[in-house]
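*Asks:* Quick one: structure below, then a few questions.
Read the figures in this text as sums done on the coordinates, not as results from a lab. Being a predicted model, the structure only gives us computed values, none of them experimental. Cβ: placed from backbone, ideal geometry, glycine included. Neighbour counts: every protein chain shown.
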Amino acid sequence: MATRPEQLYEEDFYAWTRDQAKALRRLAATRPNVELDFEHLIEEVADLGVSQRDAVRSQVRRIIEHCLKLEHSPARGPRAAWYETIIDARTEIEDKITLTIRRGLPRRLPRLWQQARRNASAALRLLGEHAAAEALPAECPYRLADLLRHDWYPSSRHDLNP
């Protein structure tokens, strides 16, 4: 029968890393006479979870950026690549997202939105689409649940969704 840490490791790796780092801190505070580098061990365990969380955030930002380009750019050439990027990012998220990471995303969405909007604006300007860059909305028009769905794409007057 699986113990709580074993089960948590399988079900929510990010939460497991946080719990294990906390347990290691408690153990280190007791100053046991063992040859463990508690300071670095705790840091490494905690960083494993942070890396996973940050990878999910990065992919959400990529999805938003490419949704903006699909919705606002009239360019035909890069559209297929933008769809492929969204598909790939959703697959990457699927491999890394946990319940704990998912619960934290709504709070981070405004910041991810601003970063993605800035990136999309710069990319559109590089395409010579200054009007499209200027037309990007100031507030995120996308729901997080939609951004993560494999069958959702923003409406666009420029093409039909796949």
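*Asks:* For the chain, what does the relative contact order come out to in percent, with C-alpha contacts under 8 Å and a separation of six or more?
*Replies:* Here the relative contact order equals 26 percent.
*Asks:* Next question, about the same structure. Report, in whole Å, the centroid distance computed from the Cα atoms of segment 4-28 and segment 87-162.
*Replies:* 31
*Asks:* Springs between alpha-carbon atoms under 10 Å, Gaussian network over the chain: tell me which of ILE86, ILE97, ILE42 tops the mean-square fluctuations.
*Replies:* Greatest mean-square fluctuation among the candidates belongs to ILE42.
*Asks:* Test of understanding: what is the full-extension gain from ARG143 to ALA131, defined as 0.36 nm times their sequence separation minus their Cα-Cα distance?
*Replies:* Result for the pair: 1.9 nm of gain on full extension.
*Asks:* Along the Cα→Cβ direction, 7 angstrom out, place labels at LEU27 and SER155. What is the inter-label distance in nm?
*Replies:* 5.6
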